[in-house]
1. Note down the relative contact order for segment 1-147 as a percent, whole number, built from C-alpha pairs under 8 angstrom at least six residues apart.
2. Each residue of segment 90-95 in turn: what ³J(HN,Hα) in whole Hz from Karplus with 6.51, -1.76, 1.60 and θ = phi - 60°, glycine and Pro shown as x?
3. For segment 83-171, would you read off the P(r) tail past 22 Å as a percentage of all alpha carbon pairs?
4. Given the DSSP H assignment, sum -39500 (n - 2.57) over each helix run of at least 4 residues in the chain and divide by its residue total; what's the result at 222 nm in deg cm²/dmol, nearest 500?
5. With θ taken as phi - 60° and the coefficients 6.51, -1.76 and 1.60, list the Karplus ³J(HN,Hα) couplings across segment 119-135 in order, rounded to whole Hz; mark glycine and proline as x.
6. Multiplying the sequence separation of residue 146 and residue 29 by 0.36 nm and subtracting their Cα-Cα distance, what value in nm do you get?
7. Springs between alpha-carbon atoms under 10 Å, Gaussian network over the chain: tell me which of 150, 64, 50 tops the mean-square fluctuations.
8. For the Cα atoms of the chain, what angle does the longest principal axis make with the long axis of helix 148-170, in degrees from 0 to 90, nearest 10?
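The values are calculated or read from the model by the stated rules, or taken from the named source; none is laboratory data. None of these values were measured; they are calculated from a predicted model. Reconstructed Cβ throughout: ideal geometry from the backbone, glycine too, with neighbour counts over all protein chains shown. In case anyone asks, the SASA skips ligands and DNA or RNA and just uses the protein heavy atoms, side chains included. Shrake-Rupley method; radii C 1.70, N 1.55, O 1.52, S 1.80 Å.
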Amino acid sequence: FFGGIRREIEAAEANLEASEETLRDSLITLQAEVVRNYMELRGQQLRLAIAQKESENRQTNVEIAETRYQAGLITHLALSRAQGERAIAESRIPAIENLILGIIHRIAILLGLDPASLVSELNETVNLPDIPDNLPAGLPSELLRRRPDIRKAERELAAATARIGVSTAEL
């Protein structure tokens, strides 16, 4: 009789530990998603800077082409081509800005904040953080033991084993 109760307590504790591992797994997934979005944000900001620089260069090309056209050195077609290339370069900028704003909103939502609350903080372009030189290494088996989903499965197995003991005691 008492062995069955003890095994029920073991099963309940193992289920509780499995639930804790589920929470840890969810937190790790959330952190990974925030980091992925942050890295994408910084990449898009770099893309925006490149697009703005290209637009400036195309504007300079148009100015040069206008001067050359007025001097009679190029045709109107060449001038129109330079103006078209400038327009194409400028048209890329709003799309990238909207993408950046969407990523900032996703990060805010993942952090449980108002979507517009991080715009002023994350809108400034900064360099990506440096990767540490000495990352901890370990055996693959040690890495597996740290994974919450593996620990959860282990705790669920312990709960199932304890429930077998409860069934045996009831028998």
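1. Across segment 1-147, relative contact order equals 26 percent.
2. Each residue's phi maps through the Karplus curve to give 5, 6, 6, 4, x, 5 Hz.
3. Roughly 67 percent, once rounded to a whole number.
4. Rounded to the nearest 500, the figure is -29000 deg cm²/dmol.
5. Residue by residue, segment 119-135 yields 4, 5, 6, 9, 6, 6, 7, 10, 6, 5, x, 6, 7, x, 6, 10, 7 Hz.
6. Full extension of this stretch gives 40.7 nm more.
7. 64
8. Computed tilt is about 20 degrees.
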